[in-house]
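Input: a single structure, listed below in structure tokens.
The values are calculated or read from the model by the stated rules, or taken from the named source; none is laboratory data. Remember, predicted model here, so these are calculated numbers, not experimental data. Heads up, the Cβs are rebuilt from the backbone with ideal geometry, glycines too, and the neighbour counts pull from every protein chain shown.
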Amino acid sequence: MPELPEVEIARRNLVHWLDGRRVVRAEADDTRVFREARREDFALLQGRLVSLERRGKYLLFTFEGGRGLLGHLGMTGRFVRRPEGAPVPYSRARFHLDSGDVIHFADSRLFGRLEPCAASRLHALDAVKELGRDPLADGLTAAQLKEAVGGSRQELKVALMDQGRVTGLGNIHAAEALYRSGLHPARAPGSLTDAEWRRLAEAIHASITFGLEEQQGEEPAYLEDGAENRFLVYGRAGTPCARCGTTVESFAQGGRTTHCCPRCQPKTPGRKPPDGRRKTGARRR
């Protein structure tokens, strides 16, 4: 499922595509991406884009006339720009621009979500108002991270993925941040020291920065099938850890597959992980 970096790049692309342009026609197919929202209201989203905000994994559009749109990419949703008449597989909704281009919301599995509503209501929607702190939009210090997550009785990685605590992190970047900080995903949040909270906060920002750099461009493909895995630990079960050479493990956690290095991410509190120097010959990422 797209996480904070992917959604932020989608936001930046949309702002670029819509800058100085007008939506002359909006249309949508009758699909479940609208859930309980009125598909007919999508057609009212015309004119210029006033603002486009991202909160966690949600996109909040405001158009002229006070009309708004809540968007969520789901597992396979994406926005793409094509010339008028160019086919786009699985296009579910479209913004036709005065430039002759069309912005499509394409979603093969229909897990994405589009909800037209008054722009003034966007922040009052349950999906938005229940979100926790956004590391990119709000900033995230060690103290703020500890306050948001430290009291959870869930295992550390599961707590990090709780969108009501820290929003935007999913299975990938939670795993990557824990690897970067040398923390085991199954640690109890209450067992972390202040130094470990500092490492984790820094690692979250580093993982998000990595994701943003990898996702640059109109149609990034590093998460698509067949793309090179450029993550440090995610998806690397059964392969040597690039830092210490120990075999990366995977296990089920919170209904998702978790990846970690048992040596670099010791489960026992107080046990020191390796110093971070890579083995000779390990590929640098």
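Taken as a whole, the condition of being over 15 Å from the mean Cα position of the chain (by Cα) and aliphatic (A, V, I, L, M) applies to Ala186. Reported count of residues in the range 75-111, each being in contact with a Ser or Thr (Cβ under 6 Å, 6 or more places away or on another chain) and surrounded by fewer than 12 Cβ atoms within 10 Å (Cβ to Cβ), is 1. The residue list Lys157, Lys146, Lys129 contains one member that is at pLDDT 95 or above and within 30 Å of Gly65 (Cβ to Cβ), which is Lys129.
Of the residues in the range 231-266, how many are free of Cβ contacts under 8 Å to residues at least 12 places away in the same chain and among the aliphatic types (A, V, I, L, M)? Result for the range 231-266: 1. Just checking, how many residues over the range 166-196 are closer than 14 Å to Leu145 by Cβ, assigned to a helix (DSSP H, G or I), among the hydrophobic types (A, V, I, L, M, F, W, C) and touching a helix residue (DSSP H, G or I) at 6+ places or on another chain (Cβ under 8 Å)? So the count comes out to 3.
So, Tyr58, is that one aromatic (Phe, Trp, Tyr), at pLDDT 95 or above and surrounded by fewer than 18 Cβ atoms within 10 Å (Cβ to Cβ) or not? Here the answer is no, as Tyr58 does not meet what is asked.
Confirm whether Arg25 is among the charged types (D, E, K, R) and in a strand (DSSP E or B). It is true that Arg25 is among the charged types (D, E, K, R) and in a strand (DSSP E or B).
At least 1 residues that are farther than 17 Å from Glu6 by Cα and in contact (Cβ under 8 Å) with a residue 60 or more places away in the chain in each: list the strands (runs of 3 or more DSSP E) lying fully within the range 43-122 that qualify.
Ranges flagged: 49-55, 58-63, 91-97, 101-107, 113-118.
Candidates in the range 31-42 are the residues that are in a loop (DSSP other than H, G, I, E, B) and in contact (Cβ under 8 Å) with a residue 40 or more places away in the chain; of these, the one that is nearest to His123 (Cα to Cα) is Ala37. State all residues of the range 129-165 that are closer than 21 Å to Leu60 by Cα, within 15 Å of the chain's Cα centre (by Cα) and not in a loop (DSSP other than H, G, I, E, B); if no residue qualifies, say none. Hit for the range 129-165 is Arg133, nothing else.
Yes/no matrix, rows are residues, columns are (1) touching a helix residue (DSSP H, G or I) at 6+ places or on another chain (Cβ under 6 Å); (2) farther than 30 Å from Val24 by Cβ; (3) basic (Lys, Arg); (4) in the same structural domain as Leu59 (by TED's automatic domain parsing):
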| residue | (1), (2), (3), (4) |
| --- | --- |
| Arg94 | no, no, yes, yes |
| Leu114 | yes, no, no, yes |
| His123 | no, no, no, yes |
| Asp134 | no, yes, no, no |
